[in-house]
Amino acid sequence: MAQEQKQPRKSEETEEATEVATESDVAERKESLDEDVDAILDEIDDVLESNAEDFVKSFIQKGGE
Amino acid sequence: MRRVMGTEVEYGISVQGQPSANPMVASSQVVNAYATATVRARRARWDFEEESPLRDARGFDMSRQVADSSQLTDEDLGLANVILTNGARLYVDHAHPEYSTPEVVSPLDIVLWDKAGEQVMLDAARRAQQLPGNPAIVLYKNNTDNKGASYGAHENYLMRRSTPFGDIVKHLTPFFVSRQVVCGAGRVGIGQDGRGKGFQISQRADFFEVEVGLETTLKRPIINTRDEPHADPERYRRLHVIIGDANLAEISTYLKVGTTSLVLAMIEDRFITRDLTVEGPVAALRSVSHDPTLAHRVTLTDGRQLTAVQLQLEYLDLARKYVEDRYGSDADAQTVDVLARWEDVLTRLESDPMSLADQLDWVAKLKLLEQYRTRDGLDWDDAKLQLIDLQYSDIRPEKGLYHRLAQAGRIQRLLADDEVHTAMTVPPEETRAYFRGRCLEKYASDIAAASWDSVIFDLPGRDALQRVPTIDPLRGSRAHVGELIDSCDTADALVRALTR
């Protein structure tokens, strides 16, 4: 990638950015994304009502409007 | 662009550990707890004099004998009903606590006073459970129990009386069939009882059965014809929109109201010349809702087949031209912002819908559900997914999943918490809600009753009640009466000045 011909429109900065997007980085990013998802699910797990089935079953409303 | 608007939201209510508790009693406890804590002196009644829920926009009155008892909303059943100093109404409607925002003139103000309503409800429920012996009452800002019952989140838009109702039906129906892709709240379960497996975009779609009608509780229509303007009926109608979902995401509410108001402006100005009529709109509404991949195409009467996003893009295109044509570079900042956000959202819905998980309710909910499905291998009929759907709308910041996501910075906000807190007690400044709210704040002990179109004073030393009509929604604003109220120390002085 480093040997890639320079394109005149690209600034050096964007080229560097392209350069660093290697496969391992993608994997790393996916991993951190997964960690991110895990973190939010862990947090939601902590506040979710226990016994989902009973909880959902007991939520009975009358129509409104 | 200014338009007088408001929303009314019925909250789901649950008494923890007592699924068979009487919801009317629980709702009254919630409303009364808030009223007792916040309303000083005597509590003003709601004035029903100007209410006419059976007036039909098509030009006739439904007979009270043939009306369902749930339609007789002007009968004072003795249920809790208070007017707040922010100009809003907090009351019990059927079996739910309900909050109606004060009248405002911009989409962002709808978001502000609608969010203030959530905080009022939260505060009310917390106060109710502090009463000795009371269990916790939990409120949900959603629209169905997933067992066949639905309750509403209505919008109201003041419109010119001269606009033919047929034009509204024609041009608004395709818009309502499709706008759910922007402002749906998302739902686990298909069908009114939610037994069908899957996720759908809208909470409400499966509860709509006809195209046009007066009812709100049965045979729900896409276009509701209730014609009760709470304003001069010669000049205005109030379009009562019952098809929307209750939104938690601020951008969902903002775009719901902002885009609808724009479409109404185009209808009033007869700007829409394209025929976007959809074949079988009731079935189309449901089919759009049932396809979160957004691939479903509805058939137009001209033979074209468009996705809901494409249909919305047609309206966006018209709205851009309309604003350019009528306002050019003088268009106000909020209208410009609504157009820009609408375009951005539709573009993303076409290319990468999941990138809207930080903006729109249904996408935020779907993303969370999909993450759970992936992690825990859950099928769509798993109770845990239904719980996530329900708990997304729990209004408690410590338990509600919308709130957890927003606190974690995963959902964008348009407002700051302190603005919302202020709007719980302070009225908007541009409408008669300002007069109503300030009067309630300053002269509560001398007010016998109030409603959208009146404030009724009971003044010391006077036998007759003094009714101050507020029939024009744009009079009674801060510019109009602010100094007067500031300068009158008593209600008596105010009434004297007003009747001089």
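General remarks:
- Selection status of B:P174, outside any helix (DSSP H, G or I) and over 25 Å from B:A231 (Cβ atoms): no
- Boolean, B:A246 is over 19 Å from B:R2 (Cα atoms) and surrounded by 22 or more Cβ atoms within 10 Å (Cβ to Cβ): yes
- Screening the stretch B:381-428 for helices (runs of 4 or more DSSP H) wholly inside it with 1 or more residues that are away from chain A (no Cβ under 13 Å) and among the aliphatic types (A, V, I, L, M) returns the ranges B:417-423.
- Comparison of B:S355, B:S329 shows that the only residue that is over 25 Å from the mean Cα position of the chain (by Cα), surrounded by fewer than 16 Cβ atoms within 10 Å (Cβ to Cβ) and more than 14 Å from every other protein chain (Cβ to nearest Cβ) is B:S329.
- Residue within the stretch B:378-390 that is on the phi < 0 side of the Ramachandran plot and loosely packed, with under 14 Cβ neighbours inside 10 Å present: yes
- Failed criterion for B:P292 (all others in (1) in a helix (DSSP H, G or I); (2) in contact (Cβ under 8 Å) with a residue 60 or more places away in the chain hold): (1)
- One residue alone among B:V282, B:V288, B:V257 is under 21 Å from B:A333 (Cα atoms) and either buried (at least 23 other Cβ atoms within 10 Å of the Cβ) or of a type outside the set (G, A, S) (or both), and that residue is B:V257.
- Filtered residue count, the stretch B:91-113, keeping only those that are surrounded by fewer than 24 Cβ atoms within 10 Å (Cβ to Cβ) and aromatic (F, W, Y): 1
- Taking the conditions (1) modelled with pLDDT of 95 or more; (2) under 34 Å from the mean Cα position of the chain (by Cα) in turn, B:D492 satisfies each one other than (2).
Each row is one residue, and each column tells you yes or no for (1) more than 13 Å from chain A (Cβ to nearest Cβ); (2) farther than 26 Å from B:V138 by Cβ; (3) modelled with pLDDT of 65 or more.
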| residue | (1), (2), (3) |
| --- | --- |
| B:Q18 | no, no, yes |
| B:Y34 | yes, no, yes |
| B:V39 | yes, no, yes |
| B:R42 | yes, yes, no |
| B:D56 | yes, yes, no |
| B:D61 | yes, yes, no |
| B:S69 | no, yes, no |
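- Residues in the stretch B:118-147 that are surrounded by 16 or more Cβ atoms within 10 Å (Cβ to Cβ) and small (G, A, S): 3 in all.
- Selection count, the stretch B:358-380, where residues are more than 8 Å from every other protein chain (Cβ to nearest Cβ) and outside any loop (DSSP other than H, G, I, E, B): 12
- Residues satisfying the stated conditions in the stretch B:225-258, i.e. among the polar types (S, T, N, Q) and over 14 Å from the mean Cα position of the chain (by Cα): B:T225
- Elements of type strands (runs of 3 or more DSSP E) in the stretch B:200-277, at least 2 residues being more than 26 Å from B:D361 (Cα to Cα) and in contact with a strand residue (DSSP E or B) (Cβ under 8 Å, 6 or more places away or on another chain): B:208-213, B:236-241
- Residue within the stretch B:439-458 that is closer than 18 Å to B:T101 by Cβ, more than 14 Å from chain A (Cβ to nearest Cβ), in a helix (DSSP H, G or I) and without any contact (Cβ under 8 Å) to a residue 60 or more places away in the chain present: yes
- Index of the failed condition, B:R475 passing every other in (1) in a helix (DSSP H, G or I); (2) touching a residue at least 12 places away in the same chain (Cβ under 8 Å); (3) of a type outside the set (D, E): (1)
- Residue that is within 14 Å of chain A (Cβ to nearest Cβ), out of contact with any His (no Cβ under 8 Å at 6 or more places or on another chain) and at pLDDT 95 or above, where the choices are B:E98, B:E118, B:E103: B:E98
- Any pair with Cβ under 6 angstrom, 6 or more apart, that starts in the stretch B:109-136 at a residue that is more than 18 Å from B:I83 (Cα to Cα) and ends at one that is of a type in the set (S, T, Y) and in a helix (DSSP H, G or I): B:V111/B:T253; B:V111/B:Y254
- Candidates B:V181, B:V177: the one that is farther than 30 Å from A:K57 by Cα and in contact with a strand residue (DSSP E or B) (Cβ under 9 Å, 6 or more places away or on another chain) is B:V177.
- Subset of the stretch B:398-425 (residues that are under 30 Å from B:L494 (Cα atoms) and buried (at least 19 other Cβ atoms within 10 Å of the Cβ)): B:V420, B:A423, B:M424
- Selected residue (criterion: nearest to the chain's Cα centre (by Cα)) from residues of the stretch A:38-61 that are closer than 14 Å to B:N146 by Cβ and at the interface with chain B (Cβ under 7 Å from one of its Cβ atoms): A:A52
- The residues on offer are B:D332, B:D361, B:D376, B:D389, and the sole one that is in contact with a Phe, Trp or Tyr (Cβ under 8 Å, 6 or more places away or on another chain) and of a type outside the set (K, R) is B:D361.
The values are calculated or read from the model by the stated rules, or taken from the named source; none is laboratory data. Bear in mind that the values here come from a model prediction, so they are computed numbers and not experimental data. So basically every Cβ, Gly included, is an ideal-geometry build from the backbone, and we count neighbours across all protein chains shown.
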